Amino acid sequence: MTDALLRGAAAVVGVADIHYKRGAAPHGELRMTLEAIVAACADAGISPRELDGFVSYAGGGHDGAILGGALGVEDVRWSNMMWGGGGGTVAAAINNAAVAIATGQAECVVVFRSMAQEDTGRLGYAKYFYGPHYLAHGVGSPAQVCALRTQRLLEHDGVPREAMRALVLAAYRHAQNNPEAAGYGKPLNEQTYEASRMITEPFHLFDCSRESDGAVALVLVSAERARSIRPDAAYVLAGAQGAPGGYSSIIDNDDLYTSAGFAGRPGRPGVADRLWAAAGLGPGDIDVVQVYENFSGPAVAALIDHGLAPAGPAAGEVLTVDNLTAGIGKLPVNTSGGNIADSFVNGMGLAVEAVRQIRGTSTNPVADAHLSLFIGGPMAPLVSSTLFGREETL
């Protein structure tokens, strides 16, 4: 399949985002998943029985057969899991659903993720993810691995630490307009940020994402059907995923050590390069960005990898609080509050916010947003991005 065939072949017509404080979910993952899927179908105005495809990522025990049976689906035609640690493949899951629709493998696909940490345990220590060279030296958490790469981003590349702080403060600024956000009613300033305890250098407490219980779902259909369902559908313009050669959290000695995994090499386009080529667009065309921030440093690196901010010291000139704020800046980022100030269900809530920006229903809407970029989990072994657009961008 060529990129041109995928462009605009599928669109998101229904979304649902249900989240709770960590450990406070009233139900287990299966019930929450079903509730989110039913809610996303209701948002699209379709019956859950019309679903014929199911896609998730990064683990989870409920595949298409289980969910399809519970929902009374007549025929499950597509059931996939995107591998990869953390939220690296959250955007890839959406791309996967679009591919299924574009190739005729399925007609109505739901992308989902659920987390109930009382059942599955916390994500702060993920021993399945790290090799013995990490664990033997006391490195056994996502924060520690991302901190190593981020510290080099600051020291070697010269990206100012204030860029990380700006990303965090902008997220909290957005959260103040989002009543559903965990950071709502809890504004954050520079003094409180700097005074917060160090988790692992260079990450302060507020540089780290939340962990939430909940479930999120997005329903995709063909572009033709989307036009008959809702005028504000979010069309998938392009998607890319990959694990560049030599880049892996398993080895941790690659050449592109300060990259978030989206950058390319001379003569070998990276994930971000392939995304822009497939879309026929560039970083300067984007109206709003949702970037997965397990920690602020990787998110800064991801913005640089995508060409949304320059590398090195000049990054600080673009990554300021005002410039990252909707309604004020030219690069509004994480307009619901993001993983840091809103909620964290493995990053899928960011995809819902990307769709809401296309619809104009965000609590921090970007005026006349036509192109909404969603960047999946940076500094994971495999990363991914998806670009959404209004119908007129096709």
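The values are calculated or read from the model by the stated rules, or taken from the named source; none is laboratory data. Being a predicted model, the structure only gives us computed values, none of them experimental. With ideal geometry, Cβ positions are generated from the backbone for all residues, glycine too; neighbour counts draw on all protein chains shown. Just so you know, the surface numbers come from the protein's heavy atoms only, side chains and all, with ligands and any DNA or RNA stripped out. Shrake-Rupley method; radii C 1.70, N 1.55, O 1.52, S 1.80 Å.
Each row is one residue, and each column tells you yes or no for (1) open to solvent by 10 Å² or more (accessible area, probe 1.4 Å); (2) within 25 Å of H137 (Cβ to Cβ).
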site	(1), (2)
E155	yes, yes
G158	yes, no
A163	no, no
H174	no, no
Y184	yes, no
P187	yes, no
A226	no, no
R230	yes, no
A243	yes, yes
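Suppose we keep only residues that are touching a residue at least 60 places away in the same chain (Cβ under 8 Å) and touching a helix residue (DSSP H, G or I) at 6+ places or on another chain (Cβ under 8 Å) within the stretch 96-106. Which one would you say is nearest to E35 (Cα to Cα)?
Restricting to residues being touching a residue at least 60 places away in the same chain (Cβ under 8 Å) and touching a helix residue (DSSP H, G or I) at 6+ places or on another chain (Cβ under 8 Å), the top hit is A98.
The rows are residues; the columns are (1) on the phi > 0 side of the Ramachandran plot; (2) at pLDDT 95 or above; (3) assigned to a helix (DSSP H, G or I).
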{"residue": "F54", "(1), (2), (3)": "no, yes, no"}
{"residue": "G61", "(1), (2), (3)": "no, no, no"}
{"residue": "L67", "(1), (2), (3)": "no, yes, yes"}
{"residue": "A70", "(1), (2), (3)": "no, yes, yes"}
{"residue": "E74", "(1), (2), (3)": "no, no, no"}
{"residue": "S79", "(1), (2), (3)": "no, yes, no"}
{"residue": "G86", "(1), (2), (3)": "yes, no, no"}
{"residue": "A91", "(1), (2), (3)": "no, yes, yes"}
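Considering only residues that are in contact (Cβ under 8 Å) with a residue 60 or more places away in the chain and open to solvent by 30 Å² or more (accessible area, probe 1.4 Å), which ones fall in the stretch 38-83?
A39, D43, G45, W83
Within the stretch 204-218, is even one residue in contact with a Cys (Cβ under 9 Å, 6 or more places away or on another chain) and either under 30 Å from E35 (Cβ atoms) or modelled with pLDDT of 95 or more (or both)?
Restricting attention to the stretch 204-218, the residues satisfying the condition of being in contact with a Cys (Cβ under 9 Å, 6 or more places away or on another chain) are 217.
Narrowing the set further to residues that are either under 30 Å from E35 (Cβ atoms) or modelled with pLDDT of 95 or more (or both) leaves 217.
Within the stretch 204-218, one or more residues are in contact with a Cys (Cβ under 9 Å, 6 or more places away or on another chain) and either under 30 Å from E35 (Cβ atoms) or modelled with pLDDT of 95 or more (or both).
Need at least 1 residues that are open to solvent by 10 Å² or more (accessible area, probe 1.4 Å) and either without any contact (Cβ under 8 Å) to a residue 60 or more places away in the chain or touching a strand residue (DSSP E or B) at 6+ places or on another chain (Cβ under 7 Å) (or both) per element, so show me which strands (runs of 3 or more DSSP E) inside the stretch 284-394 make the cut, counting only ones lying wholly within it. Write out each step before concluding.
Numbers: elements: 288-291, 371-375, 383-389.
Filter on the stretch 284-394 gives 371-375.
For the stretch 156-262, give me every one of the helices (runs of 4 or more DSSP H) that falls completely inside it and has 2 or more residues that are among the hydrophobic types (A, V, I, L, M, F, W, C). Walk me through how you get there before you give the answer.
Numbers: elements: 161-175, 190-195, 223-229.
In the stretch 156-262, 161-175, 223-229 are the helices (runs of 4 or more DSSP H) which contain 2 or more residues that are among the hydrophobic types (A, V, I, L, M, F, W, C).
Taking the stretch 132-150, which residues are of a type outside the set (V, I, T), in contact (Cβ under 8 Å) with a residue 40 or more places away in the chain and either within 16 Å of E293 (Cβ to Cβ) or open to solvent by less than 40 Å² (accessible area, probe 1.4 Å) (or both)? I'd like the intermediate steps shown before the answer.
Of the residues in the stretch 132-150, the ones of a type outside the set (V, I, T) are 132-138, 140-144, 146-149.
The next check asks that each one be in contact (Cβ under 8 Å) with a residue 40 or more places away in the chain; those that pass are 133-134, 141-144, 146-149.
Once the filter is applied, which keeps residues that are of a type outside the set (V, I, T), in contact (Cβ under 8 Å) with a residue 40 or more places away in the chain and either within 16 Å of E293 (Cβ to Cβ) or open to solvent by less than 40 Å² (accessible area, probe 1.4 Å) (or both), the stretch 132-150 yields Y134, S141, P142, A143, C146, A147, R149.
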